[in-house]
Structure formats: structure tokens, C-alpha cells
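Notes follow the structure.
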Amino acid sequence: MPDFNLEGTISLVSGATGGIGRATCLALQEAGSTVIATDLADTADVPGATAYHRLDVTDEAAWTTMVDHIEATYGRLDILINNAGISVTNSIADTTLAEFRRCMAINVEGVFLGTRAAQDLLARCGKDRKGGSSVVNLSSVGGLRGAALMAIYCTSKGAVKLFSKSAGVEYAMLGLPIRVNSIHPGGIDTDMMDTIYARYVAEGIFPDEATARATVSAGHAMGRMGTPEEVAAGIVYLCTPAASFMTGSELVVDGGMTAK
Amino acid sequence: MRRLEGRVALVSGGLRGIGRAISTCLAEDGACTLITDLDPVDSAEVGEALRTIDNAAYIRLDATQEDDWIAAREEIARDYGHLDILVNNVGSGLTGKVQDLLLDDWRRLMTINVDTVFLGTKIMQPLLATGGARASGGSAIINISSIMGLVGMGETSAYNASKGAVRLFTKATALEFADAGVPIRVNSVHPGFVDTPLTQKGMEEWAAREGGTAADLVRAVIDATPFKRLAQPREIGKVVAFLASDDASYMTGSEVVVDGGWTAR
């Protein structure tokens, strides 16, 4: 199945120590890619990754250094997964401007900076590969629908969705062999969702975290949360030659939540 | 192991164009692929397809006829006992100004593009439920809609309406099965303009009606596509193969757009 194979490619994953990030590194490696994992920690053990580097996605200079290092060490970059992100669960009234800006810096500026920093190398490496190079940006069902107490998060994920579409169209217009797509997970069983449940309880929306989890799970048509592996499989798919006519698309992996 | 090894798939309109590529891609990934179409079993086209595609069989099926679907279901139940993948691919085109469209032509298009999806889903559901209980990601229905099920285009109203119907039928059945605990995922695929005989025929009809040439119309479509080319049928087939696999186990009611950036603008 060469169309689903990533043999010979180099991938960079941001936010690689989180639930979806970890699963993505492993899934990319299993598909044949050499994976460079990055996150805020100085060191980390990420299964599937060939190397780990500290990368703050809001740091413009750090992105340049990172991409230069990858080019010098591996000679190429084929896949960029802009996965790093945070959630904010708070009322609009109680959200400070600083909190808003921090969320936008990580979730939106991080995607912009990563895409821009990697563009030249991705473009050069995409020429000799069917389907070209690939950027996958982590949006969310929160980038498609609003949710109470999630206004800032949803704002940031909506921005990621449209940045992805514009980048896909722009690179196509410029003739650059880089496809850009967004992926939209529903509630995935990760530390981020546990944080959100805790915040729901703190805000008095649910009596306890178990109730929050049960209610959110029931909000998916499949009646359960997704696993990180189920999102990672979608990300890998978008990077493979099998998705060669996909750019500016949204891959929704939400157990039927937004079909309602 | 190939990702669809041991699965049984049925593709409506599976002999030509996108359907042919879907059949090929599913078979390449290991699925025993039942190609269905209008052609007689002993026709040259069927013989050629079965020679080219490993692990395929052919069932003559007029997807607009409920009796044909029931007969196919009985044949599959007897020979395989279950079904894992149903691709409701069969479809036709129709263009023209609203005021010039004939009700008969409208109804015929709805029959081919929408009734067939309903009938395939309704009749095959029991076999798909049986198949879905055997795989971690359940069984899969993939309905071929179009970017024309997402955005409108002048003189394409009937086709737009039919593909929009497929999009929402997909979501409704996805929810219905999930709510009832039936292990069938249902998703739609939305191709842009694909290099197929149907696209060519549509352009020729448009040119005959409005003037110009089919080649000019194809060129205009290519110019309007960010990727500056048509899709190849295999690029749709591979998307279907992904949605059919356990890799898509958390996807139901989703729409996968494969349009070279057309609707991203």
C-alpha cells in the first residue's frame, strides 16, 4: 500500500508530550516516517520519535533554529504537525486579556509561526514526493461549533480552521507542493479533557468530574470519547499520498458530535 | 496484514470512473470487492474489470431497484454471511437553467443520486450490522456526495440538490445507527472535479447547450481549482479506503472534502 506509506519522510510534531501528540508521533513512525518530537519540556521520552527537542511554539526565533537544525541534521522536512495547544475553560466575563492573548499566542500564532518557518523546506522537499509535503493543523470541534465557557478556545480553533484553508489555497496558487489541512477532534481522552472537566466542576456546571465526563461522552453520537490513536490515524492519513487531492479540507473525527 | 484483509465490500456503479477506482483501491487494500453496475455479467467490461482487479466479483445491480438490492443481499448473505463496506457511489449528472429543467429529468436524477443511497443503506443494513460486530471500527458506509453538495453553482441546481440530500442523509443515518448502538459508521466524501467519463459527458452536454467546447469548459474548471488540475479517480478511491478502515473508527457523520482546495476559498 504505497499510498498509505510515509517511508523516507521526516516529520516534526509540536506539543508531542500531550495525549494526541504522543499518539501522533507513534502513528507517524509506524507509517514509516522519522519523527522529531517537540514540546516545552527540556527533555522527554516520546515513543516513536527519533529525537526530542524543546520548542516553544510562540517563540519565532526558536522555530527558525528548529527548522535549520532539521535541515542540517536530516536534510529534509516533509510533514509538519502543528499540534501544540491549550484549552481555556472560563466565562467571557472572567477571562482577562492576558489569558485571551496567551491562548491565541499558543493556539494560533504557534500555527502561523510553524507554518511560515517550515514553508521553504517543506516546499523544496515536496517536489519529489507524490502528494507533496503536508501541514496538519490541530483545530477541534470547537473550531466548528461554539460551546459555553469555551469562547476563547473556540475563537482560537476557528482561527486555525481558516488559517489552514487560506494556507492551502495560497500554496496551491503559488505552485508550492505543500498541502494544508485541519483536523477537528471531538472530546478525546487526554489530560486536556481532564483539565476541562475539572474546570467545569470548578465553575459549577457539573457536580463532579465523572458527571462531566459522562455528559460529554453522551454528546457524541457514538456515546464515548475518542482515543488519541483515533485522531493520530486521521493525521497520518492526511499526510500520506492517499490524500494527494486534499488541501484546505477539514477532517472531523468526533464520533458524530457535529453531525447533529 | 493489509488494512482491509478479510472485509467484504460492495461498490455501486463500480465499473467506471470513480467507482472503478474505489473498487480497485478497496481490493488493493485486501477487501473482497463486489463490483456492481448495470452491465450484463458476461459483458466485455465486466470481464476486463475482473481480470484487472484481484479479489473482485461482479453482481449485476440496478441500484434504483429495491428488488435488485434484495437479491444482492441474499446472494451476499449466502456467499459471505456479512458485509463490511458499502460504497454508495452510483450517480449521474444534470445541468441546465432551473426554468428549463424538466420534472422527469429532475426525478430521474433524484432517483439515481438519492434513492440509490437510501435503498443501499436500508437493504444492506442487516448485513453491515453483522459485519460491523466483527471489526473494532465497525462496518462502514461511504456515500459519494460532491463539493456540489456543499456549495452551489449556476445551472447545476438539480445536481446540487441531490448531492446536498446525500450529505444530510449521511449525517442522519450516522446518528441513527450510533444512537441505536448499531456498529455501522456512515460518512460522505465530497470530490471536486474528477477526470472521469461522467465529467467529460457533463461538459459536452453543457457545451452543446451553451456553446463553446467541452475542452474549454474543462480548462475553465482547472483554472478555478487551486491545485490547477482535475482529481484522478484513485485520489477519491484512497479516501474511501481510509474511511472504510479501522483507522477511521471515531469518524461517523463526517464529510471528507477532496477538492484540491475548491471549497477552501
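Only the coordinates and a few stated rules stand behind these numbers; no lab work does. Keep in mind that what you see is a predicted model, and the values were worked out from it rather than measured. Virtual Cβ from ideal backbone geometry, glycine too; neighbours counted across all protein chains shown.
Side notes on the structure shown:
- Computed from backbone phi, the HN-Hα couplings of the stretch B:257-265 come to 9, 10, 9, x, x, 3, 8, 6, 6 Hz, rounded to whole numbers (Karplus: 6.51 cos²θ - 1.76 cosθ + 1.60, θ = phi - 60°; Gly and Pro given as x).
- Under-5 Å amide H pairs with A:Val88, H placed in peptide plane, nonlocal only: A:Tyr153
- Estimated from helices alone, the mean residue ellipticity of chain A at 222 nm is -13500 deg cm²/dmol (sum of -39500 (n - 2.57) over DSSP H runs with n ≥ 4, per residue).
- Partner chain coverage, peptide A:176-182 - average Cβ within 10 angstrom: 1
- Crossing angle, helix B:66-79 versus chain B [Cα axis fit, 0-90 degrees, rounded to tens]: 40 degrees
- Once the C-beta distance of A:Arg116 and B:Met1 is scaled by a Förster radius of 41 Å, the resulting FRET efficiency is 0.50 to the nearest 0.05.
- Around the amide H of B:Val258, modelled in the peptide plane, lie the amide H atoms of B:His190, B:Gly192, all under 5 Å away and 5 or more residues distant in sequence or on another chain.
- Helix runs (DSSP H) in chain A reaching 24 Å along axis by Cα, Kyte-Doolittle at least 0.0: A:151-174
- Estimated vicinal HN-Hα couplings, Hz - the stretch B:222-237 in sequence order (Karplus 6.51, -1.76, 1.60; Gly, Pro = x): 4, 4, 7, 8, x, 6, 6, 6, 7, 6, 8, x, 4, 5, 8, x
- Phi-derived couplings, Karplus 6.51 cos²θ - 1.76 cosθ + 1.60 at θ = phi - 60°, listed residue by residue for the stretch B:157-172: 4, 5, 5, 3, 4, 5, 6, x, 5, 4, 4, 7, 4, 4, 5, 5 Hz, with x used for Gly and Pro.
- Over chain A, relative contact order from alpha-carbon pairs under 8 Å, at least 6 apart, %: 21 percent
- Relative to the longest principal axis of the Cα atoms of chain B, the long axis of helix B:197-210 makes an angle of roughly 20 degrees.
- Mean separation of Cα contacts under 8 Å (6+ apart) over length of chain B, as relative contact order %: 21 percent
- Listed peptides A:68-81, B:119-132 appear in the order B:119-132, A:68-81 once ranked by packing, highest mean of other Cβ atoms within 10 Å at the front.
- Mean per-residue shielding of peptide A:3-10 is 2, counting Cβ atoms of other chains within 10 Å of each Cβ.
- C-alpha center-to-center spacing [the stretch A:28-44, the stretch A:102-158] in angstrom: 18 Å
- Annotation: amide H of A:Leu80 within the under-5 Å range of A:Leu12, A:Ser134, A:Val135, A:Val136, sequence separation 5 or more or interchain, hydrogens built in the peptide plane.
- Residue-averaged 222 nm ellipticity for chain B, from DSSP H runs of 4+ at -39500 (n - 2.57), nearest 500: -14500 deg cm²/dmol
- Pairs exceeding a 25 Å alpha-carbon distance, out of B:Lys122/B:Lys201; B:Lys171/B:Lys228; A:Lys260/B:Lys97; A:Lys260/B:Lys201; A:Lys165/B:Lys122; A:Lys127/B:Lys238: B:Lys122/B:Lys201; B:Lys171/B:Lys228; A:Lys260/B:Lys97; A:Lys260/B:Lys201; A:Lys165/B:Lys122.
- Local net charge near A:Asn83, Cβ-Cβ under 12 Å (Lys/Arg +1, Asp/Glu -1): 0
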